[in-house]
1. Name the residues in the range 87-98 that are surrounded by fewer than 20 Cβ atoms within 10 Å (Cβ to Cβ) and either of a type outside the set (S, T, N, Q) or farther than 19 Å from V22 by Cα (or both), would you?
2. Name the pairs whose Cβ atoms lie under 6 Å apart, with the first residue in the range 70-86 and farther than 16 Å from F43 by Cα and surrounded by fewer than 23 Cβ atoms within 10 Å (Cβ to Cβ), the second among the small types (G, A, S) and modelled with pLDDT of 95 or more, and 6 or more positions between them or separate chains?
3. Anything in the range 70-88 that is out of contact with any strand residue (DSSP E or B) (no Cβ under 6 Å at 6 or more places or on another chain) and aromatic (F, W, Y)? List them, or say none.
4. Give the residue that is nearest to A85 (Cα to Cα), with candidates limited to residues of the range 10-32 that are small (G, A, S) and part of a loop (DSSP other than H, G, I, E, B).
5. Within the range 2-52, take every residue that is in contact with a helix residue (DSSP H, G or I) (Cβ under 8 Å, 6 or more places away or on another chain) and within 20 Å of G89 (Cα to Cα) and give me the one that is surrounded by the most Cβ atoms within 10 Å (Cβ to Cβ).
6. Among E83, E69, which is the only one that is of a type in the set (D, E, K, R) and assigned to a strand (DSSP E or B)?
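The values are calculated or read from the model by the stated rules, or taken from the named source; none is laboratory data. Just so you know, these numbers come straight off a predicted model, no measurement behind them. Cβ placement follows ideal geometry from the backbone for every residue including glycine, while neighbour counts extend to all protein chains displayed.
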Amino acid sequence: MKLDFGTPQVDDAGIRGEVLTVDRFGNIVTNIPRGIVSERWRFNQDLEVSIGGYDIRLRLLRTYGEAGEDALLATMSSSNFLEVAKRNGSAASLLNAKPRMPVTVRAAT
């Protein structure tokens, strides 16, 4: 059985997807797959993310440990979807994120 996670919308302005789930650590897992992310951006690149009424600037990193203490970051989840996380904290609590909430991601200017 194949699961349907919805299809992110991609255009010149960026990627529009949604929150799939929030894990027990408060990491926000989106429906934006690794393939789409790697076509547009590279690790250590700054991104602008809109989620939960917040517009935030964060860096796309390989691991949580690369982020500063208590910093927000973007990374790839173990299921290969874009994840917004907070090192040593809950990104979901900070951003009031919940499943099905819209997410927009673009390169930082």
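1. Listed by number, the residues that qualify are R87, G89, L94, K98.
2. From residues that are farther than 16 Å from F43 by Cα and surrounded by fewer than 23 Cβ atoms within 10 Å (Cβ to Cβ), the pairs are D70/G89.
3. none
4. Residue satisfying both the conditions and the ranking: G26.
5. Only one residue tops the list, namely I28.
6. Matching residue, one of E83, E69: E83.
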